[in-house]
Amino acid sequence: MTSPSFETAKPDQISYLDRLAASDLGRSYKQRMLDELAVRAGQTVLDLGCGPGTDLGALAEATTATGAVLGFDRDQAMVDAARARTADQPVVDVRLGDIHNLALPDQSADRARTDRVLQHVTDPGLALAEIRRVLRPGGRLVMGEPDWETLTVDHPDGALTHAYTRHVADEVVRNAGIGRQLARLATGAGFAVPAVIPLTSVFRDVRVADQVLGLERTTRRAVTAGYFTEEAAERWLAHLTQGPFLAAVTFYLVVAEA
Ligand SMILES: C[S@@+](CC[C@H](N)C(=O)[O-])C[C@H]1O[C@@H](n2cnc3c(N)ncnc32)[C@H](O)[C@@H]1O
């Protein structure tokens with residue numbers, strides 16, 4: 001089932017996040033999130049689920065030496081990496097913490113961002129209520145999350161595409177439909193939602209898609225989970241490498257105001 005087109009070894013989580021952040025796709029949506037966040041000098045900015053600190057430098061630059069940037073992540077390895085990367089930026093403080101229960105006073109922050117975090121949390125509505133609690137009135141939250149049910153891959157046998165997307169949505173990502181739910185959940189948590197911005201990524205190079213989607217590894221998991229037979233998986237992967245290739249997924253960027 002392997003092909004030179006597919007990456008067989010799964011990259012570690014930090015390498016995966018770094019690679020995506022450095023790609024055209026990553027740089028483009030992260031810049032859009034930063035633009036929508038509209039950080040002003042002196043503000044207190046939260047990066048919730050900050051990972052290895054990918055975005056902390058840009059936030060520090062935006063808020064300047066008079067502001068503060070707090071990164072939170074529940075994973076100690078991410079916190080360690082983020083601290084190491086921002087050691088020379090005194091406005092940045094990285095803390096181990098859970099987005100559902102932030103060790104911050106009420107109304108103590110001006111801006112917050114969540115970037116591909118709410119798709120993984122146990123209770124997105126509770127996390128949003130917690131962010132609402134710590135933001136000052138008029139404070140702004142910018143969220144970016146995929147909607148994995150929009151994932152589509154062109155294949156002559158549409159049943160295989162449906163099985164692949166069903167597997168990703170059912171088994172791979174905890175909150176697969178979070179992208180389309182953000183506006184409703186944020187409204188339920190007491191935010192106003194002035195903007196919902198859909199960004200659809202179209203991949204026409206199977207190797208580039210594989211770096212984001214792990215096509216061959218995910219197909220193996222789909223076989224184990226019973227979404228594909230071995231024979232169907234062979235047909236699916238063989239066609240993907242024969243091109244022309246096309247896959248697409250929609251990422252929702254949602255602006256919420258406290
Ligand atoms: C896909 S990564 C994104 C990291 C970073 N935002 C970026 O764009 O590179 C998701 C991050 O969210 C963190 N995370 C997941 N659930 C969390 C929670 N309940 N509280 C805090 N962080 C969480 C993970 O540890 C991981 O670092």
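The values are calculated or read from the model by the stated rules, or taken from the named source; none is laboratory data. Note that the coordinates shown come from a computational prediction; the quantities given were computed from them, not determined experimentally. Positions of Cβ are backbone-derived with ideal geometry, glycine not excepted, and every protein chain shown enters the neighbour counts.
Points worth noting:
- Hey, residue 122 in contact with a His (Cβ under 9 Å, 6 or more places away or on another chain) and surrounded by fewer than 21 Cβ atoms within 10 Å (Cβ to Cβ) or not: yes
- Condition check for residue 24: surrounded by fewer than 14 Cβ atoms within 10 Å (Cβ to Cβ) and away from the ligand (no atom under 16 Å from the Cβ): no
- Residue in region 11-21 that is away from the ligand (no atom under 12 Å from the Cβ) and either aliphatic (A, V, I, L, M) or touching a residue at least 24 places away in the same chain (Cβ under 8 Å) (or both) present: no
- Candidate set from region 117-150 (those that are charged (D, E, K, R) and either modelled with pLDDT under 95 or outside any helix (DSSP H, G or I) (or both)); member that is farthest from residue 245 (Cα to Cα): 136
For every residue, the table says whether it meets (1) assigned to a strand (DSSP E or B); (2) crowded, with 16+ Cβ neighbours inside 10 Å.
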site	(1), (2)
152	yes, yes
159	no, no
164	no, yes
170	no, no
175	no, yes
190	no, no
200	yes, no
216	no, yes
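- You will find that of 27, 95, 32, the residue that is without any contact (Cβ under 8 Å) to a residue 24 or more places away in the chain, more than 30 Å from residue 223 (Cα to Cα) and of a type in the set (Lys, Arg) is 27 and no other.
- Test for residue 38: is it in contact (Cβ under 8 Å) with a residue 40 or more places away in the chain and at positive phi: yes
- Candidates 53, 67, 49, filtered to the one that is in contact with a Lys or Arg (Cβ under 6 Å, 6 or more places away or on another chain) and either within 12 Å of the ligand (Cβ to nearest atom) or touching a residue at least 24 places away in the same chain (Cβ under 8 Å) (or both): 53
- Of all the residues in region 218-256, those that are surrounded by fewer than 16 Cβ atoms within 10 Å (Cβ to Cβ) and closer than 30 Å to residue 37 by Cα number 1.
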